[in-house]
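One structure is given here, and the rest of the page talks about it.
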Amino acid sequence: MVLMPKAKLGTKSQRRSGSSATSKSTVRRAVAGTATVNKSAARRPPQSLALTVGKTSQALPVLHGTLSVIISARNEEETLLRLLKQVARLKPTEIIVVLNGCRDSSFERARLSRQAIVVHCPDSAGHDVGRAIGAKLSRGDILLFLDGDMVIPAPQLASFAAAVDSGVDVALNDLDSLLPPFGFSDDVIRSKLFLNFVLGRSDLGVSSMTAVPHALSRHALESIGYRELMVPPKAQAISILNKLRVEKTRLVNVIKHNRLRPANTGVGNPVEQLIVGDHAEALLTVLSQRVTSNFLHAESLQEQRRQLALWRNGL
């Protein structure tokens, strides 16, 4: 992995970043690679933000804390620069772009951003590993995580940063309204529902750190640990077990923008298997704390099963 210094270029102008079929253990270990970083991106003070759309100006929330935006990307030359332009409107302290095994012009596009710190991994490390790398390099009070294949308007992104700025530790994308009936749900949806239910947070529905956008406070990162971000459901479980403030923020429909690849299409595809496996790892973390976790007592679990049956039968 090589972290490239940013060039002074002119102003001309991954829902998931397509995991390869590499084994999870290989992907996880990639975070230990070496890197060199350009740290010239200047720290900027909080300021009032506005997004100009046509002839109108839509005010964005004023952030009191500093903002780090972390973008994981793999072969996103068509969308990356447009996303970076939306991110720049948030006036972040820093933008960290982690490129995973790119074979297109994503590197050149990322370098067109004067502010971007570009982390170049010649071989794909996986998007979750990319987020962990970006989090370790970050300096901001607020960490906003994005994928390079989705161009999300600045006002929607600002909602997640503002939620953390107001005291939320983990701000999640609220995708519940997009859910199919339970009988038509896939294994990924059911895994998300079950993990949140076991954690006593059925109110979160399918909201998960596996989906972008999501944002963390610096306190949350220190409590969870940047390495745990390589397994998002496990990081979410740790945040709830550690009694951090975890909340749904707003709906950003990333499903329609998610770039389809061979690795994330079809029943039992590699991405689906990875996510389900990550949830199994998260459940193991929960079970390991069964002695001190109130919601893991037998009576509590029986009541949760009863409520789940009522909810499922009512669909």
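The values are calculated or read from the model by the stated rules, or taken from the named source; none is laboratory data. Computed from a prediction, not measured in an experiment: that's the story for all the values here. Every residue, glycine as well, gets a Cβ built from its backbone with ideal geometry; the counts of neighbours run over all protein chains shown. Note: accessible area is taken over every heavy atom of the protein model, side chains too, but ligands, DNA and RNA are not part of it. Shrake-Rupley method; radii C 1.70, N 1.55, O 1.52, S 1.80 Å.
The figures follow:
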read-out	value
Exceeding the 30 Å Cα-Cα cut-off - candidates 91/192; 136/248; 192/243; 91/248	91/192
Inter-label distance, nm, simple model (7 Å from Cα along the C-beta direction), residue 185/residue 78	3.2 nm
Karplus 3J(HN,Hα) series, Hz, for segment 93-103 with 6.51 cos²θ - 1.76 cosθ + 1.60 (x for Gly, Pro)	5, 7, 10, 10, 10, 9, 9, 10, x, 6, 10
Accessible area of segment 79-208 belonging to carbon and sulfur atoms, whole % at 1.4 Å probe	51 percent
5 angstrom amide H check on residue 125, placed H, neighbours 5+ away	101
For segment 119-244: accessible area per residue (Å², 1.4 Å)	30 Å²
Two-site label geometry, residue 139 and residue 287: point separation in nm, points 7 Å out along Cα→Cβ	4.4 nm
In Å², nearest 10: area of residue 194 left accessible to a 1.4 Å probe	100 Å²
Sequence-distant residues sharing a close amide H with residue 117 (under 5 Å, placed H)	95, 96, 97
Efficiency of FRET between residue 273 and residue 108 - r from beta-carbon atoms, R0 30 angstrom, step 0.05	0.35
Nearest-0.05 FRET efficiency for residue 253 and residue 280, computed from C-beta distance (R0 25 Å)	0.35
DSSP bridge pairs, segment 49-160: antiparallel proportion in percent, nearest 5	20 percent
